[in-house]
Amino acid sequence: SQQGEEDPQALSIQEGENATMNCSYKTSINNLQWYRQNSGRGLVHLILIRSNEREKHSGRLRVTLDTSKKSSSLLITASRAADTASYFCATYSNSKLTFGKGITLSVRP
Amino acid sequence: DTAVSQTPKYLVTQMGNDKSIKCEQNLGHDTMYWYKQDSKKFLKIMFSYNNKELIINETVPNRFSPKSPDKAHLNLHINSLELGDSAVYFCASSPRMDSYYEQYFGPGTRLTVT
């Protein structure tokens, strides 16, 4: 069954702007992960945040996790055309990853 | 060097046929997975193997049979293919089966059943 729900479903921004994507989930988790999928390719892991962490950074990425609200956000700063892709949040519990439906991000040059 | 590889990349076949997809990882990981991504990009786990042992079988029809001959390989055999099996199938691996690790995905196999 689906666990993560991303919001918005699609996002279009200008190069240089920041992109914020949200994810909500329903049950308790061990960790939450974000993945990127370029068109016709496999998924690439971006960042993992554990249930006892609140914020994590990696390069231009910032992820927050609020376990009381069962929600996470992914911020991509200073976006580039190469960031155009689908982004998925995935929750880890019961030894498996459960993915959301994904967010399509388009970055206009 | 490709970390997680799958063959074939594309597979077009008719209903009722039997087909296999192969997956290999050269990362030395213990755990491997099969996922199915449908036309709406929804990605769902099908199976996971840890050290060649089946751990998760996510209510997949028994027409799907995974096989792990060794830790580096996880193959997927599908019998009596149906139209609804059309999807992209991804293999993935992770160092261990616990919550500390991310997963590494292969490039996918696009299966089209006609």
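Data overview
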quantity	calculated
Point-to-point label distance, B:D38-A:Q9, nm (Cα→Cβ direction, 7 Å offset)	1.4
Over segment B:4-113, relative contact order from alpha-carbon pairs under 8 Å, at least 6 apart, %	37
Selection of GluC sites (Glu not before Pro), segment B:33-114, meeting DSSP coil and at most 14 other Cβ within 10 Å	B:E82
Viscosity 1.002 mPa s, temperature 20 °C, Stokes-Einstein D of chain A from Kirkwood C-alpha radius, µm²/s	156
For peptides A:58-65, A:7-14, sequence by mean Cβ density within 10 Å, most packed first	A:58-65, A:7-14
Alpha-carbon spread of chain B, three principal axes, descending order, Å	39, 29, 27
Cα gyration tensor category, rounded, prolate or oblate, for the protein assembly as shown with a/c compared to 1.5	prolate
Phi-based couplings in Hz for segment A:42-53 (Karplus 6.51, -1.76, 1.60; Gly and Pro marked x)	x, 7, 10, 5, 9, 7, 10, 10, 7, 5, 9, 9
Cut-off 16 Å (backbone N to label point 7 Å along Cα→Cβ of B:S80), residues of segment B:47-68	B:60-65
Per-residue HN-Hα couplings for segment A:15-31 [Karplus 6.51, -1.76, 1.60; θ = phi - 60°; Hz; x = Gly/Pro]	3, x, 7, 8, 10, 10, 10, 10, 9, 10, 9, 10, 10, 5, 9, 8, 7
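Each value in this text was obtained by applying a stated rule to the coordinates, not by laboratory testing. This is a predicted model, so every value here is computed, not measured. With ideal geometry, Cβ positions are generated from the backbone for all residues, glycine too; neighbour counts draw on all protein chains shown.
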